[in-house]
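Asks: Here it is, the structure, as structure tokens.
The values are calculated or read from the model by the stated rules, or taken from the named source; none is laboratory data. Remember, it's a predicted structure, so these values are computed and weren't measured experimentally. Cβ: placed from backbone, ideal geometry, glycine included. Neighbour counts: every protein chain shown.
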Amino acid sequence: MTTRMFNGSVLTFASAAVARVVGLSYKAGGAWVDVSEPADLNKLFELGQADLSLNVKFKGHCALVPGAKGAMSIAWADGTSTTAPGTWQVGPIEDTGDFDAPISGTAELKPTVADA
């Protein structure tokens, strides 16, 4: 049964499921490039080179390690999936905790080159 809810979505990084994920934000955007000419009445734009990123929120401490590289995919709970192109690297990780609240954190991943 498919759902519109996030619960049950799975992030796989370097062939292993990342545990206790409570939120994902996959962005496949790009910087806007000004393509207007002096005679244009409106400023015109084209989407430039893709700028990919993934921000993951987790409960407890994350098993990801800064600098680790690997393939990445997301199996969304609604039955769809996102296969991120190429090799990805784990960047900044932030673990947080507050009084009477669970430990949580975030990690950012971006595409990179594979190890030789």
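Asks: If I filter segment 10-21 down to residues being at pLDDT 90 or above and over 13 Å from the mean Cα position of the chain (by Cα), which single residue comes out as surrounded by the most Cβ atoms within 10 Å (Cβ to Cβ)?
Replies: Among those residues, the one meeting the criterion is ALA14.
Asks: Within the group LEU52, LEU24, LEU47, which residue is hydrophobic (A, V, I, L, M, F, W, C) and either under 12 Å from ILE74 (Cα atoms) or in a loop (DSSP other than H, G, I, E, B) (or both)?
Replies: The conditions single out LEU24.
Asks: Does ILE103 satisfy the condition of being without any contact (Cβ under 8 Å) to a residue 40 or more places away in the chain, β-branched (Val, Ile, Thr), within 22 Å of PHE6 (Cα to Cα) and surrounded by 11 or more Cβ atoms within 10 Å (Cβ to Cβ)?
Replies: Spelling it out, it is not the case that ILE103 is without any contact (Cβ under 8 Å) to a residue 40 or more places away in the chain, β-branched (Val, Ile, Thr), within 22 Å of PHE6 (Cα to Cα) and surrounded by 11 or more Cβ atoms within 10 Å (Cβ to Cβ).
Asks: In segment 75-84, what residues are surrounded by fewer than 12 Cβ atoms within 10 Å (Cβ to Cβ) and either of a type in the set (S, T, N, Q) or under 19 Å from HIS61 (Cα atoms) (or both)? Walk me through how you get there before you give the answer.
Replies: Of the residues in segment 75-84, the ones surrounded by fewer than 12 Cβ atoms within 10 Å (Cβ to Cβ) are 79-80, 83.
Within segment 75-84, THR80, THR83 qualify.
Asks: Is it the case that segment 85-93 has a residue that's within 13 Å of the chain's Cα centre (by Cα), surrounded by 15 or more Cβ atoms within 10 Å (Cβ to Cβ) and free of Cβ contacts under 8 Å to residues at least 24 places away in the same chain?
Replies: Scanning segment 85-93, I find at least one residue that is within 13 Å of the chain's Cα centre (by Cα), surrounded by 15 or more Cβ atoms within 10 Å (Cβ to Cβ) and free of Cβ contacts under 8 Å to residues at least 24 places away in the same chain, so the answer is yes.
Asks: Pull out all pairs, ordered by first then second residue, where Cβ-Cβ is under 6 Å, the residues are six or more apart or on different chains, the first lies in segment 41-54 and is more than 21 Å from PRO92 (Cβ to Cβ), and the second is aromatic (Phe, Trp, Tyr) and at pLDDT below 90.
Replies: PHE45/TRP32
Asks: Taking segment 57-82 only, how many residues are within 15 Å of the chain's Cα centre (by Cα) and free of Cβ contacts under 8 Å to residues at least 12 places away in the same chain?
Replies: Residues flagged as within 15 Å of the chain's Cα centre (by Cα) and free of Cβ contacts under 8 Å to residues at least 12 places away in the same chain within segment 57-82 amount to 1.
Asks: In segment 33-74, what residues are exposed (fewer than 14 other Cβ atoms within 10 Å of the Cβ), closer than 30 Å to SER9 by Cβ and charged (D, E, K, R)?
Replies: Selection gives ASP51 alone.
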